[in-house]
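The values are calculated or read from the model by the stated rules, or taken from the named source; none is laboratory data. Being a predicted model, the structure only gives us computed values, none of them experimental. Every residue, glycine among them, receives a Cβ derived from its backbone with ideal geometry; neighbour counts consider all protein chains shown. Side chains included, ligands, DNA and RNA excluded: accessible areas come from the protein's heavy atoms. Shrake-Rupley method; radii C 1.70, N 1.55, O 1.52, S 1.80 Å.
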Amino acid sequence: MSPGGPMNTESNIPDPTPPADHFDDIEQQQHAGLLGMWVFLLTEVLLFGGLLAAFVICRLRYADAFAGAAEHLDLVLAAVNTALLFTSGLTMVLAELAAGARRRGPTIWWLLATAALGTAFLVLKGVEWYGEYKEQLMPVLGLPFVYPGEEPQLAELFFNLYFVATGLHAAHMLIGLGVLAVMLVLVRGWRRPDRLDRQLRIAGLYWAFIDVVWIFIFTCFYLLRA
Amino acid sequence: MNYRSAILCWLALLALLAATLAAAMLGNTALRYTLHLSCAVAMAALVMIVFMRLRSAGQMLRLVAVAGLLWIALLIMLSMADVLTR
């Protein structure tokens with residue numbers, strides 16, 4: 001008998017955690033956890049959806065000005081960032097699969113890789129923002145906005161929407177990195193692997209959702225240029 | 001979900017990213033915008049079906065995902081209908 005509970009003699013893995021009192025069985029508990037995260041992500045769709053709808057309306061009404069303003073964004077950096085985010089989505093799934101196979105080491109390494117790729121995304125985003133700051137294309141916090149093209153007021157509207165969208169996305173990345181850090185600490189401890197497996201599945205949903213949001217930010221702001 | 005489908009999904013995502021970047025060279029044409037938006041929808045669908053495991057999810061989770069898609073589709077389409085018909 002182990003301190004953490006009875007042991008399965010064949011695999012030396014502690015028996016699964018019993019379900020919480022208000023659940024019939026562990027499957028129902030797992031399903032409730034996943035459903036809860038999906039419903040939370042729907043509320044996030046409300047948040048980003050409103051922003052996206054505002055962009056679509058402005059893009060249709062001020063097509064030329066918005067297409068021209070998008071030319072000033074760094075498409076190469078954004079494309080590299082998209083690839084980084086897709087790769088982090090893969091490493092997160094690999095961490096989930098490793099946890100599902102009850103392999104502690106690979107779970108930790110894949111989680112570390114996911115956090116490193118997420119951090120690299122934010123660093124590149126910071127480099128991109130700094131470039132826009134230097135070009136005086138950052139109309140936030142009272143900074144001067146000097147636009148070299150036509151219709152600077154509409155370009156300022158574009159850059160306002162751009163900084164709100166990418167800023168909100170970066171905030172979600174930071175929260176995602178926080179979740180990954182907590183999961184790393186829990187996985188290092190490796191108590192109740194079956195529970196860690198369920199928690200990682202839920203954290204993975206959030207991380208993948210950030211990918212989905214970025215796909216639309218990347219397409220709308222960077223690709224729909226003149 | 002297994003390692004193979006995860007890696008195939010990742011490769012498909014990178015291929016779609018390359019395709020949408022290549023489409024940017026098509027100039028200011030309707031085809032280009034159609035390709036950009038189609039690639040975006042395909043990439044989002046891949047992430048949701050494979051990475052978010054909708055493929056193996058139960059009916060309730062699929063219903064929630066479809067509800068979200070329907071909501072944002074209505075929001076964007078009705079907003080566009082308003083702007084485009086003024």
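A few points about this structure:
- For the stretch B:1-48, residues that are among the hydrophobic types (A, V, I, L, M, F, W, C) and open to solvent by 80 Å² or more (accessible area, probe 1.4 Å) total 6.
- Output for the stretch A:123-150, where each listed residue is assigned to a helix (DSSP H, G or I) and surrounded by 16 or more Cβ atoms within 10 Å (Cβ to Cβ): A:Leu124, A:Lys125, A:Glu128, A:Trp129, A:Glu132
- Applying a threshold of 8 Å to beta carbon distances and a minimum spacing of six or more residues, or different chains, the list of pairs starting in the stretch B:68-86 at a residue that is among the polar types (S, T, N, Q) and ending at one that is open to solvent by less than 50 Å² (accessible area, probe 1.4 Å) reads B:Ser79/A:Ala53; B:Ser79/A:Val56.
- One residue alone among A:Tyr206, A:Tyr133, A:Tyr162, A:Tyr147 is modelled with pLDDT under 95 and hydroxyl-bearing (Ser, Thr, Tyr), and that residue is A:Tyr147.
- For the stretch A:17-51, filtered to residues that are at the interface with chain B (Cβ under 10 Å from one of its Cβ atoms) and more than 18 Å from A:Gln199 (Cα to Cα), the residue that is surrounded by the fewest Cβ atoms within 10 Å (Cβ to Cβ) is A:Thr43.
- Residues (touching a helix residue (DSSP H, G or I) at 6+ places or on another chain (Cβ under 6 Å) and over 12 Å from B:Ser5 (Cα atoms)) located in the stretch B:46-59: B:Met52, B:Leu54
- Residue list for the stretch A:81-100, restricted to those being free of Cβ contacts under 8 Å to residues at least 60 places away in the same chain and either among the hydroxyl-bearing types (Ser, Thr, Tyr) or facing another protein chain (nearest Cβ under 10 Å) (or both): A:Ala83, A:Thr87, A:Leu90, A:Thr91, A:Leu94, A:Leu97, A:Ala98
- Scanning the stretch B:36-49 for residues that are at the interface with chain A (Cβ under 8 Å from one of its Cβ atoms), closer than 30 Å to A:Val80 by Cβ, hydroxyl-bearing (Ser, Thr, Tyr) and assigned to a helix (DSSP H, G or I) turns up nothing.
- The residues of the stretch B:50-66 that are among the aliphatic types (A, V, I, L, M) and more than 7 Å from every other protein chain (Cβ to nearest Cβ), listed by number, are B:Val50, B:Leu54, B:Ala57, B:Leu63, B:Val66.
- Residues in the stretch A:74-89 that are under 28 Å from A:Glu150 (Cβ atoms) and open to solvent by less than 10 Å² (accessible area, probe 1.4 Å): A:Ala78 alone.
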